[in-house]
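The values are calculated or read from the model by the stated rules, or taken from the named source; none is laboratory data. Here the structure is a predicted model, which means the values were calculated and not measured. Here the Cβ positions follow ideal geometry from the backbone for every residue, glycine too, while neighbour counts run over all protein chains shown. Heads up: the accessible areas ignore ligands, DNA and RNA and are worked out on the full protein's heavy atoms, side chains in. Shrake-Rupley method; radii C 1.70, N 1.55, O 1.52, S 1.80 Å.
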Amino acid sequence: MKHLIDLDDFSLEDIDSIIKKAIEIKTNPSKFQEKMKGKIIGTLFYEPSTRTQISFQTAMLRLGGQFVGFDNPINSSVAKGENLKDTIKIISGYTDIIAIRHPIEGAAKAASLFSSCPIINAGDGGHLHPTQTLTDLVTLKEQKGNFENLTIGLCGDLKFGRTVHSFVKMMLKYKGNKFIFISTKELSVPEYLKNMIVKLGGEYEECSSLEKSIGNLDVLYMTRIQKERFCSGEEYDAQKDIFKLDCGKMKLARKSLVVMHPLPRVDEIEGCVDDDPRAFYFKQAANGIYARMALILHIFSQQNCKNVSVKGQKLNMSCSNKRCITNTEKYLPKSFLKSNNEYICEYCDSRVK
Ligand code: CP
């Protein structure tokens with residue numbers, strides 16, 4: 001079985017082949033309309049979604065397969081207290097592949113330990129969102145031709161924005177990319193990502209002005225402030241409305257700028273920008289279907305893959321991240337990877353203090 005929890009689970013060759021396939025499907029969709037005939041995807045959405053959920057379902061339908069699932073755990077036996085392990089053991093017996101979205105970090109990894117079919121991470125709390133990155137890559141491939149030597153600005157909620165984390169990790173694998181992180185101090189990119197950039201010889205800058213940085217960018221990745229991840233309304237209110245992309249700022253940008261946003265947006269991009277030819281976020285969302293069709297085909301094409309278990313050391317300590325799945329689903333084996341005298345939780349990537 002081949003799960004997709006993090007894009008690190010796939011080789012660069014695998015990812016390039018998925019992107020190429022997505023573009024092939026987009027060009028000639030009828031060629032693929034029977035490829036998943038008889039197969040069923042389970043879409044288990046413990047958290048709201050428009051694009052990811054519906055594009056996974058549409059992707060499977062367009063490949064000739066079917067879908068089952070829930071879009072709110074209240075309508076499932078989760079509401080009666082069923083844990084993640086039992087839900088996954090049951091649904092993986094009913095379906096051929098599962099896409100799971102969950103508000104808790106590391107939930108998809110946890111699900112993969114108990115599943116008898118492949119698991120796709122459709123977003124785990126503020127941690128990762130690898131299939132959004134595949135969608136982003138398809139869009140960048142179309143607009144830039146390759147993924148190298150780009151100055152990439154990421155703006156907004158870089159702390160809780162899981163799409164940012166997956167996208168940065170991925171773009172680090174391609175040479176010559178430079179990151180400009182545009183955020184408040186409170187919502188800056190997690191330390192583990194900054195450490196990763198340094199370790200891999202990448203380059204990044206942090207700044208607090210979109211106006212000052214926009215003229216230097218090849219790609220601008222805007223994000224929503226993730227209201228649902230804040231502990232209080234006051235904390236959210238202090239962060240909202242700080243960064244706004246408007247037509248005035250677009251005048252300072254290069255003609256070749258590619259503006260992306262995983263969506264949904266609230267008000268961080270003004271409506272007038274939608275008509276700018278450099279705004280690609282609606283095309284990016286449309287590419288989600290092809291990226292997910294290609295991903296499903298790729299996973300089913302895998303032969304001789306091993307089942308997964310935890311890779312790290314099973315130590316008698318807890319993850320210090322309160323939002324980590326190991327702190328809500330207590331039966332999970334706690335597992336830590338050692339890096340430079342530190343322990344990193346294998347589920348949520350947090351450094352254990
Ligand atoms: N980009 C994204 O994940 O959108 P949804 O939350 O609507 O799925």
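Assorted remarks:
- Helical content alone sets the calculated 222 nm signal of the chain at -9500 deg cm²/dmol, taking -39,500 (n - 2.57) per DSSP H segment of four or more residues and averaging over every residue.
- When each of K109/K141; K21/K159; K20/K173 is checked by Cα-Cα distance, pairs over 24 Å: K109/K141; K21/K159
- Measuring nothing but alpha carbons in segment 200-341 and taking Rh as the Kirkwood radius, the Rg to Rh ratio lands at 1.06.
- Volume in Å³ per residue [convex hull over Cα atoms, computed for the chain]: 137
- Histogram of C-alpha separations across segment 83-164, 5 Å bin width, %: 3, 14, 19, 19, 14, 12, 9, 6, 3, 0
- Residue-wise HN-Hα coupling along segment 236-245, computed from phi with Karplus coefficients 6.51, -1.76, 1.60 (Hz; x: Gly, Pro): 5, 4, 6, 9, 6, 6, 7, 10, 9, 8
- For segment 154-272, the Stokes-Einstein estimate of translational diffusion at 20 °C and a viscosity of 1.002 mPa s comes to 145 µm²/s, using the Kirkwood hydrodynamic radius over alpha-carbon pairs.
- For the chain, the solvent-accessible area of protein heavy atoms averages 45 Å² per residue (probe radius 1.4 Å; ligands and nucleic acids excluded).
- Looking at segment 267-336, the trypsin sites (Lys or Arg not before Pro) that sit in a DSSP loop and have at most 16 other Cβ atoms within 10 Å of their own Cβ are R278, K306, K311, K314, K322, K330.
- Equivalent ellipsoid dimensions for segment 239-281 as semi-axes, Å, which come from the Cα gyration tensor, largest first: 17, 12, 9
- Applying a DSSP loop filter and a limit of 15 other Cβ atoms within 10 Å to the GluC sites (Glu not before Pro) in segment 1-48 leaves E34.
- Solvent-free Debye scattering, log10 I(q)/I(0), computed from the Cα coordinates of segment 288-351 at q = 0.14, 0.21, 0.28 Å⁻¹: -0.60, -0.82, -1.10
- Given K178/K311; K144/K244; K2/K314; K2/K194; K89/K338, the pairs whose alpha carbons are separated by over 26 Å: K178/K311; K2/K194; K89/K338
- Axial C-alpha extent at least 18 Å, average Kyte-Doolittle at least -1.0 - helices from the chain (DSSP): 12-27, 130-144, 281-301
- Whole-number D in µm² s⁻¹ for segment 1-157, Kirkwood Cα-pair radius fed into Stokes-Einstein, 25 °C, 0.890 mPa s: 148
- Contact order, relative form, for the chain: 18 percent (alpha carbon pairs under 8 Å, 6 or more residues apart, mean separation divided by residue count).
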